[in-house]
Each structure stands twice: as C-alpha cells, then as structure tokens.
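Shown next, in structure tokens, is the structure this report addresses.
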2 protein chains.
Amino acid sequence: MTRIAIVGAGLIGRSWAVVFARAGMDVAAWDAEATVLAALEGEIAAMLREAGTPDADAIAARVTPATTMEAALDGADLVQESGPERIDLKRDLFARLDAAAAPETILASSSSALVPSLFSDGLAGAARCLVAHPVNPPHLVPVVELCPSPVTSSETMDRAEAIYRDAGQVPVRLSREIDGFVLNRLQAALLAEALRLVSEGVVSVEGLDDTVRHGLGRRWAFMGPMETIVLNAPGGAADYMLRYGPPMGKLAADAAGAEAFSDAAAALVAAAFPALADPPAIRARQAWRDGELAALDTHLRTRSTGD
Amino acid sequence: MTRIAIVGAGLIGRSWAVVFARAGMDVAAWDAEATVLAALEGEIAAMLREAGTPDADAIAARVTPATTMEAALDGADLVQESGPERIDLKRDLFARLDAAAAPETILASSSSALVPSLFSDGLAGAARCLVAHPVNPPHLVPVVELCPSPVTSSETMDRAEAIYRDAGQVPVRLSREIDGFVLNRLQAALLAEALRLVSEGVVSVEGLDDTVRHGLGRRWAFMGPMETIVLNAPGGAADYMLRYGPPMGKLAADAAGAEAFSDAAAALVAAAFPALADPPAIRARQAWRDGELAALDTHLRTRSTGD
C-alpha cells in the first residue's frame, strides 16, 4: 500500500489528497494552520461531491489529518509539499522534512515558481528532492511536471513517476531545471502575444478568447502541438517545416515579450469581464471552471485516444 | 434565403460547403479542376457521415456543383474562396470574382497566409473583400477570423459576421491587417518555445504534448487564455498581473524565436511519431483527429458555457 504525506493542506494540498486517496492510497495530511486542518474533512467531501466522484465516503476515509508533521511523514513513500511559494519558508520546510522523513521517502514540492535546487541544495537528502508541479486543481487536470535538481537521483525520478502514474496522473519528466518548467514557459509565450494583440486593439479580449476556445484550444485538448503539426502537412513534420517553418518563424520572431505583461493590458482584460469584478464572483466562476474541467476530463477519458 | 458560392472545392472548400448547407443555406460550388467538382457530392456525403450529422441527405442536396464560376456566383450573398495560397493566382482570381459578382456580393478568402490588401488592392470592389480564415476543417472547428484590408467597409464586415454567425460559426473580427492574423500568431509563439524545449532536450516530444493535452490545453478548450488569467488570482486580472506579471514576463522575454523552426527540430518530432511515417498513415490519423474534433464539439455544445 502506497502511503502519501500531504504537507500544506490548502487548496492545492487538498486536491492532491483527493488524487492519491481516489487511487486507493493512504494519505496523511498536515498543515501548520490548525484551522486549515480542521476544515480538511469537509473540504474534501465537498470536492468529491462537486466532481461527482463515486465512492466519496470510502475515498474521504483514506485521508487522515495528522497533528504533527512528523506523524504525517511516518511510513510515507512520498511527501507532496504544497506550502507558501517563498524561498525562505520553502528552504526551512525542506530542511525539516529532510531531517524527519525516513531516508527512502521522496520529497516533492508543488512549487510553480521555484526550481528544486533553490530549496534542496546542501541537504543531506537532496538526491530525493524534486518539484512535482501540478495544474490547479490536480484532481481535475492530470498533468504533473517532474523537475529534478542537478543532484536528484534518477531512482527518485523513476519512483516518483511510477507513483504519480499509479495515482492516475500524467507525469512529464524534465531532464533538468529550467525556470517556469515547460507548462508556464509555453503559457507565457502565448500570453505575451495575446496581451499584445489585445493592447494594440487588433482584436477584442472576447475575440482573443474565442480564437482559442473555438479554434486553437480544441486540438490541444486531446493532441499536443507537436502531433498537431505532424498532421498539418501531408508529409508530416519535415513537410510542415518546409511549408510553414519560415512564415511561422517570422511570426515567432515578431512575438511580444515581457512588455506585454502591463497594468494597462490587465485593465483591458478586467474590463472585458465586468461580471468577475470581485473575489466572490471570481470564486463562483472558478467553481464553474472546475465543473467544466471535470466534465471535459470525463469526456476525454471515455474516448479512445489511439495511443 | 442566404446563398453562398464556394470557389475552390478542395479540402477546405468542401468543408465550408458543409458548414453553410448544414445551416440551411443554398450553396453553389465551383472548382477549376473538373475532377474535384465531380468528386464533390461523394466527398460531402462522406464528411457528413463521418461527422455523424443528422439529415445528411437533405444537407447534401443543398450543395449544387456549378459548371462555371459565373454560374456559382449568380445571386450569391457571399463567396467563400479557397483556392491555392499563391499571391499571383489569388490576385487573378479576385479580379475575376470582382468583375463577375453582383456589387453587393461579399468576397471572402480562406487564406491563412495572405492579408486581404495583397489580393484586393486596386479592385473596383476592394471594399467588399476580406479574409475569412477558418481552422481546418471548418465544419468541425467553429472559429473564423475576419480580417479587413484598409479599405474593406465596415458594412461588409457586419454582413460577413452575421452570415458566419448564422451558419453556426464563431466569427472573430480583427480591426486591421496583421500577418498570421490572431490564431497563427498565438500558435507560432507557443510552437517556437515548444520546439526549443524539445530541441534542447528539456523534455521529450511526447512529454511536451502531454503537458499541453493533459494540462494547458484543457482550459483553453472551453475558456480562452484571458479568462484563464482572470480566474488564476483571487482578485482577477489586476491581481494576476501583480503576482505573476513579472515572472511570466521574464519567461516570455526568454522565449524562442524563428531559430526554433529548424529541420533538426522537425526530425526530432518526426522520430517521436514512427507510426505516422507516410502520407496514408497521416491521412488515417487526420481522420481520427477529425472524429475527436467532432466529439469534442458535441461535448462542448451540450455544456452551458455560462455566457
């Protein structure tokens, strides 16, 4: 039986608890805030209800709140750390985790902003530390990026990959540290150009979103961009590059950079969503989004993807 | 009754014929190649069958092959031109269309590579010319980018937008000409970074595709990237920019450009899809893709999108 320790039981930690418990794993969860831990059972029940998961009671019963971090770590195969994204706090926490966890326990951080060497350098157990970056919320979006530091062992990476796969996620292994990992590097490149086109008035915010959700995003929900280009020329990838490499390269060379992430662009985006003007409205729409993610995940899992 | 003329009845023209006929419009189709026109009826029946469209016979009956271009144009509200992407051919064809079509007929090109001034400058009817760029195939992906030349009239844009909307598509209006329009500018920015990450060995081709299809692409299938960022911070777009603008800007500034579209990158991509090594295998996989696009479109249309 695989045992998982959740360290940090906020929004992301709770969703991770659902991922592992849903797959039949034993989960012990701890949070530095007693109120967060006290709310855990109710929050997990709500998440399972909203996602329409069968056997919700049995799944919820596999998640045990732990009163100390050490108790949560006891017997864990993998620690999923989802604490605050501050380098000083993350360094302290990983030092504590490394001191307290059994030597074979994998220490994985959900960090989206910090590469693993920043918080594991110099630890005795640095070889068992990595980043396992999810998309929020992981119980509705399966990808998890696995990023090693220069000293993370390949055995750690292999074991982590197997655990996430057993949990029903889609682990993607990076060969080395890189800021933003893969997902946010891709997102940043597209967002910069999107914000620029909106800022320059080429297209409205709504038109930009329509171009993606009724166009570009359709294929990317079930094929990646690499298979997309293979299928976009009669002779495959080499043929694509011959036909479209030069014009696409010209567009990429002309794409926007950091300057596109401006307050003026943010104001234009905000103005296009007048109904999402305060945190409660945003939370309600996030719940709608999560319902759509769950429905889309169900749809995609019922299709044969041919691979 | 809206009447549409399809000029160029290859892959894209045929799919356009299905779009308009499916919406109850009368469609006359012409192609310079007699063999293409002779195959039209069978190809349209096959497309409708593969897409699982009800009333296939009635829809197919609304598409009439025309023996001359002039006959196809007779009484047309809009011409959807889908000829070869060569500037000399496109200029000649638009001169012929402008001479032959009634003055109120809209002349729209499916071009993905040419902005409309390149083939409409100097024509008497330049004000009624635009690009209406679809994603292939338009009967399965609803977005259509409407790009005016500097002299296209706003009345032309209004009427074109209404016709595409009536046909069940999602028209996106650009305010002015720009190379690549919106969709391919966004795609090129993401593709460049994707090809770079694969070329540098940060991630495998399969891992890159998994990151998008099991992560980033999930939201973009039903929300655009703009609404995505509004929902990615508790306080909306301004809050997002405050929290994530600087790090995302740094990633965008570091993103790849034209150099990523290399033959070496194409070879890596091709090697990752050994089963797609020849045109027949690619055609079979395109048919699978189209089936998935149809299923996804059906799924998304049955959901309440909340707007």
Does region B:88-103 contain at least one residue that is at pLDDT below 95, within 22 Å of B:Leu40 (Cβ to Cβ) and surrounded by fewer than 17 Cβ atoms within 10 Å (Cβ to Cβ)?
no
Just one of the numbered conditions (1) farther than 28 Å from A:Ala51 by Cα; (2) surrounded by fewer than 20 Cβ atoms within 10 Å (Cβ to Cβ) is not true of A:Ala265; which one?
(2)
With the requirement that a residue be more than 15 Å from B:Asp297 (Cα to Cα), part of a helix (DSSP H, G or I) and at the interface with chain B (Cβ under 7 Å from one of its Cβ atoms), what does region A:210-228 give you?
A:Pro225, A:Met226, A:Glu227
Take the residues in region A:230-249 that are facing chain B (nearest Cβ under 7 Å) and hydrophobic (A, V, I, L, M, F, W, C); name whichever of them is farthest from B:Leu216 (Cα to Cα).
A:Ala238
Helices (runs of 4 or more DSSP H) within region A:55-149 that include 2 or more residues without any contact (Cβ under 8 Å) to a residue 40 or more places away in the chain
A:56-61, A:87-100, A:117-120
So A:Glu206 ticks every box in (1) more than 7 Å from chain B (Cβ to nearest Cβ); (2) touching a Lys or Arg at 6+ places or on another chain (Cβ under 7 Å) but one. Which box is left unticked?
(2)
By residue number, the members of region A:228-275 that are at pLDDT 95 or above and polar (S, T, N, Q) are A:Thr228, A:Ser262
Within region A:250-299, residues facing chain B (nearest Cβ under 8 Å), over 30 Å from B:Asp254 (Cβ atoms) and touching a residue at least 24 places away in the same chain (Cβ under 8 Å) come out as A:Leu296, A:Asp297
Failed item, numbered, when A:Arg185 is tested on (1) farther than 23 Å from B:Arg289 by Cα; (2) more than 7 Å from chain B (Cβ to nearest Cβ); (3) basic (Lys, Arg):
(2)
Which residue out of A:Gly13, A:Gly42 is under 24 Å from A:Gln286 (Cα atoms) and at pLDDT 95 or above?
A:Gly13
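Can you tell me how many residues within region B:7-50 are acidic (Asp, Glu) and either buried (at least 21 other Cβ atoms within 10 Å of the Cβ) or assigned to a helix (DSSP H, G or I) (or both)? Quick ask: steps written out before the conclusion?
Narrowing region B:7-50 to residues acidic (Asp, Glu): B:26, B:31, B:33, B:41, B:43, B:50.
From what is left, the residues that are either buried (at least 21 other Cβ atoms within 10 Å of the Cβ) or assigned to a helix (DSSP H, G or I) (or both) are B:31, B:41, B:43, B:50.
Qualifying residue count for the region: 4.
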Which condition does B:Ala253 not pass, out of (1) over 21 Å from A:Ile178 (Cβ atoms); (2) in contact with a Gly (Cβ under 6 Å, 6 or more places away or on another chain), if it passes all the others?
(1)
Note on region B:51-69: residues loosely packed, with under 15 Cβ neighbours inside 10 Å and either over 12 Å from B:Ala29 (Cα atoms) or of a type outside the set (Val, Ile, Thr) (or both) are B:Gly52, B:Pro54, B:Asp55, B:Asp57, B:Ala58, B:Ala61
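From the set of residues in region B:190-211 that are of a type outside the set (Gly, Ala, Ser) and more than 21 Å from A:Pro148 (Cβ to Cβ), which is surrounded by the most Cβ atoms within 10 Å (Cβ to Cβ)?
B:Leu195
Each row is one residue, and each column tells you yes or no for (1) part of a loop (DSSP other than H, G, I, E, B); (2) at pLDDT below 95; (3) touching a Gly at 6+ places or on another chain (Cβ under 6 Å); (4) surrounded by fewer than 16 Cβ atoms within 10 Å (Cβ to Cβ).
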position: A:Met157; (1), (2), (3), (4): no, no, no, no
position: A:Ala160; (1), (2), (3), (4): no, no, no, no
position: A:Ile163; (1), (2), (3), (4): no, no, no, no
position: A:Gly168; (1), (2), (3), (4): yes, no, no, yes
position: A:Ile178; (1), (2), (3), (4): yes, no, no, no
position: A:Arg185; (1), (2), (3), (4): no, no, no, no
position: A:Ala188; (1), (2), (3), (4): no, no, no, no
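The values are calculated or read from the model by the stated rules, or taken from the named source; none is laboratory data. These numbers come from a predicted model, not from an experiment. Every residue, glycine as well, gets a Cβ built from its backbone with ideal geometry; the counts of neighbours run over all protein chains shown.
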